[in-house]
Amino acid sequence: MNIILLGPPGAGKGTQSKGLVERHAMVQLSTGDMLRETRKADTELGRKVADIMDSGGLVSDDIVSAMIDAKLAEMGEGQGAIFDGYPRTAAQAGQLDEILAKHGRALDRVIELEVNEDALVERITGRFSCANCGTLYHDTANPPKVEGVCDACGSTDFKRRPDDNEETVRNRMAEYRAKTAPILPGYEARGIVTRVDGMAGIDEVASAIDRVLA
């Protein structure tokens, strides 16, 4: 089973991908993780990626697709792939079809995690973590039991990601609508798109995805 998880940043793609890896022994192909892994490698591609990222440039579709190609080549025939954060554009969608065909695979399902933009902004801007042990919290949904004190380790030092702010979140939503959402009609024409409520609880979303895959 080869699937794409689509949805704007913060929709829960990474969380659901990790759950699928645990429940179904699938392989998560996250472009963000692959870029970080590739840049550390002492290879021609790794050095190229490092140079681009260090200069603040955008990694080209060809390089991202080359990483996807290499990962699929490493996988066993029976292992399913979860494409997390890829494809982001129509061009990447076309390249993915070619890469899958090269490896004798086909795309089985595209699952879009649907979200409410205002609720997603609240979800993301309210999250923070313990700077000492990394335990995750949220201002309203999951605050520490004692204000200002980590439940897990007792630390009083917390941190927030600098990009977890409303302007950045809304800009990313707009970019998703402009660049990624337009690839859906092509997949819909193939009858492989299913939409899941991404605002539901993590376990509920996981169960909905499992039903789709079943």
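The values are calculated or read from the model by the stated rules, or taken from the named source; none is laboratory data. Nothing here was measured: the structure is a model prediction, and the numbers come from that model. Positions of Cβ are generated from backbone atoms using ideal geometry, with glycine treated the same way; all protein chains shown enter the neighbour counts. Please note that ligands, DNA and RNA were not included when accessible areas were found on the heavy atoms of the full protein model with its side chains. Shrake-Rupley method; radii C 1.70, N 1.55, O 1.52, S 1.80 Å.
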Across segment 162-173, what is the number of residues that are surrounded by 12 or more Cβ atoms within 10 Å (Cβ to Cβ) and free of Cβ contacts under 8 Å to residues at least 24 places away in the same chain?
3
How do the pairs read when you match residues in segment 187-212 that are farther than 19 Å from Val115 by Cβ with residues anywhere that are open to solvent by 20 Å² or more (accessible area, probe 1.4 Å) and assigned to a helix (DSSP H, G or I), using Cβ under 9 Å and keeping only pairs 6 or more apart or on different chains?
Asp210/Arg23; Asp210/His24
With the first residue restricted to segment 145-158 and required to be among the acidic types (Asp, Glu), and the second required to be assigned to a loop (DSSP other than H, G, I, E, B), Cβ contacts under 7 Å at 6 or more apart or on different chains are Asp151/Thr135; Asp151/Pro144; Asp151/Lys145; Asp157/Ala131; Asp157/Asn132
Single unsatisfied condition, Arg190 versus (1) open to solvent by 90 Å² or more (accessible area, probe 1.4 Å); (2) within 23 Å of Val121 (Cβ to Cβ):
(2)
